[in-house]
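I have placed the structure first, in the form of structure tokens, so that the comments after it can refer back to it.
The values are calculated or read from the model by the stated rules, or taken from the named source; none is laboratory data. Just so we're clear, the structure is a prediction, and the values are computed from it rather than from any experiment. Cβ placement follows ideal geometry from the backbone for every residue including glycine, while neighbour counts extend to all protein chains displayed. Heads up: the accessible areas ignore ligands, DNA and RNA and are worked out on the full protein's heavy atoms, side chains in. Shrake-Rupley method; radii C 1.70, N 1.55, O 1.52, S 1.80 Å.
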Amino acid sequence: MELERLLQSQGFGSRKMCRKLIQSGAFAIDGVVHDNPRESIDPTGLQFTLDGETWDYREHVYLLLNKPEGFECSTSPTHHEGVHSLLPLPLAVRGVQPAGRLDQDTTGMLLLSDDGPFLHAMMSPRRHVPKRYVATTKHPVTEEMLQALRNGVLLRDETEPLAATDVMSPSPHEIALTITQGKYHQVKRMVAAAGNRVEGLVRTAIGGLPMGNLELGEWRYLSPDELLSLPYEVPQTGK
Ligand code: URA
């Protein structure tokens with residue numbers, strides 16, 4: 001792959017900008033500057049530095065972010081900052097998108113990627129990817145509320161009741177539950193329909209993959225094993 005195209009694919013700007021960066025001597029492999037933008041390089045397993053910062057070549061990126069409150073998942077956020085502002089610029093530039101949305105006041109696990117089929121697999125309503133949440137509630141949780149969530153509650157504008165699985169109450173004002181759909185404000189509306197009110201919401205797992213120990217606002221790349229554990233078949237080309 002030509003160097004300028006390689007750098008562009010990793011989110012470092014337009015072809016012209018990448019050409020200029022390379023010509024300026026900013027790009028190096030193993031400490032050796034490569035300043036010919038047309039040089040052909042095999043990107044598989046490539047590690048390079050740009051202005052002294054180290055990067056691994058990645059055909060696609062798969063990220064895990066612990067979303068803080070007050071950030072929107074939209075690419076054109078209106079009332080709050082977008083989650084993209086929590087990522088290094090090249091990751092945003094290369095078109096990383098959240099796999100589904102969390103409300104601005106919901107915290108926790110968000111997967112992001114620039115791999116379209118992966119995003120589709122994670123979000124497709126037909127795949128029923130389970131998502132686990134812990135809701136903090138205004139009123140004490142009762143057994144009737146938990147049972148209503150297990151049995152299914154009918155939300156306005158829905159034709160079928162929506163049920164949650166693995167519903168439990170870890171503490172008197174908390175409900176942990178798993179849903180497989182991604183309807184608008186689904187958990188908040190389900191808890192309201194069961195007779196309580198959500199005052200705080202955290203997503204703790206997606207597709208069986210737990211959030212783990214990331215501080216709020218922190219992100220990391222998914223490991224190959226984590227990616228394999230998700231209901232998505234990674235294409236065989238040089239990932
Ligand atoms: N359900 C909600 O109500 N809000 C979210 O952000 C996610 C699920």
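Can you tell me how many residues in segment 215-236 are among the hydrophobic types (A, V, I, L, M, F, W, C) and part of a helix (DSSP H, G or I)? Walk me through how you get there before you give the answer.
Of segment 215-236, the ones among the hydrophobic types (A, V, I, L, M, F, W, C) are 216, 219, 222, 227-228, 230, 234.
Filter once more, keeping what is part of a helix (DSSP H, G or I): 227-228.
Matching residues across segment 215-236 total 2.
Considering each of P98, P77 in turn, give the residue that is under 11 Å from the mean Cα position of the chain (by Cα) and not assigned by TED's automatic domain parsing to the domain that holds V187. Steps first, answer last, please.
On the way: P77 fails: under 11 Å from the mean Cα position of the chain (by Cα).
Just one listed residue meets the conditions, P98.
Out of all the residues in segment 160-198, which are within 9 Å of the ligand (Cβ to nearest atom), surrounded by 15 or more Cβ atoms within 10 Å (Cβ to Cβ) and within 22 Å of S124 (Cβ to Cβ)? Steps first, answer last, please.
Step one: of segment 160-198, the residues within 9 Å of the ligand (Cβ to nearest atom) are 179, 182-191, 198.
When the remaining residues are screened for being surrounded by 15 or more Cβ atoms within 10 Å (Cβ to Cβ), the result is 179, 182, 186-191, 198.
Answer for segment 160-198, where residues must be within 9 Å of the ligand (Cβ to nearest atom), surrounded by 15 or more Cβ atoms within 10 Å (Cβ to Cβ) and within 22 Å of S124 (Cβ to Cβ): I179, G182, Q186, V187, R189, M190.
Looking only at residues that are within 17 Å of the chain's Cα centre (by Cα) and of a type in the set (G, A, S) in segment 117-135, which one is nearest to M145 (Cα to Cα)?
The residue in question is S124.
Among the listed residues L201, L155, which satisfies the condition of being assigned to a strand (DSSP E or B), open to solvent by less than 50 Å² (accessible area, probe 1.4 Å) and within 11 Å of the ligand (Cβ to nearest atom)?
Values: L155 fails: assigned to a strand (DSSP E or B).
Criteria check complete, one pass: L201.
Just wondering, is there one or more residues in segment 108-117 that are in contact with a strand residue (DSSP E or B) (Cβ under 7 Å, 6 or more places away or on another chain), surrounded by fewer than 17 Cβ atoms within 10 Å (Cβ to Cβ) and outside the structural domain of S9 (by TED's automatic domain parsing)?
Scanning segment 108-117, I find no residue that is in contact with a strand residue (DSSP E or B) (Cβ under 7 Å, 6 or more places away or on another chain), surrounded by fewer than 17 Cβ atoms within 10 Å (Cβ to Cβ) and outside the structural domain of S9 (by TED's automatic domain parsing), so the answer is no.
Consider only pairs whose beta carbons are under 6 Å apart and that are at least six residues apart or on different chains; among these, list those whose first residue lies in segment 175-195 and is without any contact (Cβ under 8 Å) to a residue 24 or more places away in the chain and whose second residue is more than 7 Å from the ligand (Cβ to nearest atom) and acidic (D, E).
none
Show the residue pairs that are 6+ apart or on different chains and have beta-carbon atoms under 9 Å apart, the first residue being within segment 151-170 and under 16 Å from P130 (Cα atoms), the second being polar (S, T, N, Q) and open to solvent by 100 Å² or more (accessible area, probe 1.4 Å).
The qualifying pairs are A163/N151.
Report, by residue number, each residue of segment 204-214 that is part of a loop (DSSP other than H, G, I, E, B) and within 16 Å of the ligand (Cβ to nearest atom).
G207, M211
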